[in-house]
Structures are given as structure tokens and as C-alpha cells.
Amino acid sequence: MPSKSAGIIAYRKRGNIEVLLVHPGGPFWRNKDLGAWSIPKGEYADGDDAEIAARREFAEELGLKLSLPLTPLGQVRQRGGKLVTAFAAELDLDVRSICSNTFEMEWPPRSGKRQAFPEVDRAEWFTLDAAQEKINAGQRPLLGRLTLLIGG
């Protein structure tokens, strides 16, 4: 059964609509850019509430707990089969203040050494056009849904 993730597309209006995307941390993602960015999201188990999971993952990846209302954007399926449930939230935050959780992995491979890496190594605001290029292809439909929702 494919895994499930839930996440939040944060957006703001500064002349143009901008969306907040995150870049995954760790050595595999270090030199990847186009198609590597994502909405802040994470996996959750069957029986868990998707909105609660989305709020938890946003807090873990960015260090910010959201209490404001979220608007459902539905689900998309990524190329690997993962089902992503997304919500939208209008907010503004300074990306310099993010504080991501970390994960450990053996690095370099087969070295026997474990290193910690941030789950998210950076977050940035992008216009909708720029976000179309940066975001994981399976998540692109969420940008269109957001545009319909807010009339961008």
C-alpha cells in the first residue's frame, strides 16, 4: 500500500501570490533544485487525521505551530505512488527563522559513521510561476487548486 503524507501550502499576497516551499536536507538532495522542492509535509498512519498530521509536519519542518484555519485542497498522487493530502493557509513568515528537525543516516555510505542532517535545509517564497518549476511534479496540481481557491 502506498504511503500517505499530509502538508500545508502556505501562501501570501505581496502584489503577486507567493507560496512557501521547502527543500529537503541531506546529501542526496544537496545539488538538486528543479522538481526537488515540496510543500512542508510528512507521512501519517492509517486512522490518523490528515489535518492534524499536516499541522504536526509543518511544525517539525519549520519550527512554527499553526493555529489558524486550514482550507482543504484535496489529494494528489506523486510518481512513486505516495498520496499527498494538502491544506492551504494564508500567512507570512520570515524564512530565515525556520528551525527544522533532523534525521540521522550513515554517511558516507558504508562508512559506519552516522551523521545528522536537517529534514529541511531551506525554505523560500516563490511566485506561482517559479513554484511550478521548483515543486515536485506530483504536487503541481495543488498550485492550480490554490489559484482557484484564492482567485490568483
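Values quoted throughout were computed directly from the atomic coordinates according to the rules given, and no laboratory measurement underlies them. As the structure is a prediction and not an experimental result, all values here were calculated from the model. All Cβ positions, glycine included, derive from the backbone under ideal geometry; neighbour counts span all protein chains shown.
Stretching Thr102 away from Arg14 to a fully extended chain increases their span by 28.5 nm, per 0.36 nm per residue minus the current alpha-carbon distance. Counting beta carbons within 10 Å around each of Thr85, Thr102 and listing the fewest first gives the order Thr102, Thr85.
Ordering Lys4, Lys41 by the number of other Cβ atoms within 10 Å of each residue's own Cβ, fewest first, gives Lys4, Lys41.
For the chain, modelled as a GNM whose springs connect Cα atoms under 10 angstrom apart, the maximal fluctuation among Leu62, Leu91, Leu20 occurs at Leu91. Using a Förster distance of 30 Å, how high is the FRET efficiency between Ile52 and Leu128, based on the Cβ-Cβ distance and rounded to 0.05? Calculated transfer efficiency: 0.60.
Summing charges over neighbours of Val19, with a neighbour being any other residue whose Cβ is under 14 Å away from its Cβ, gives +1 when K and R count +1 and D and E count -1.
The packing ranking of peptides 112-119, 28-35, highest mean first, is 112-119, 28-35, where packing means the average number of other beta carbon atoms within 10 angstrom of each residue.
Taken along the Cα-to-beta-carbon direction at a fixed 7 Å, the label points for Arg114 and Trp29 span 2.1 nm.
When DSSP beta bridges are restricted to pairs lying wholly in the stretch 4-150, around 75% turn out antiparallel.
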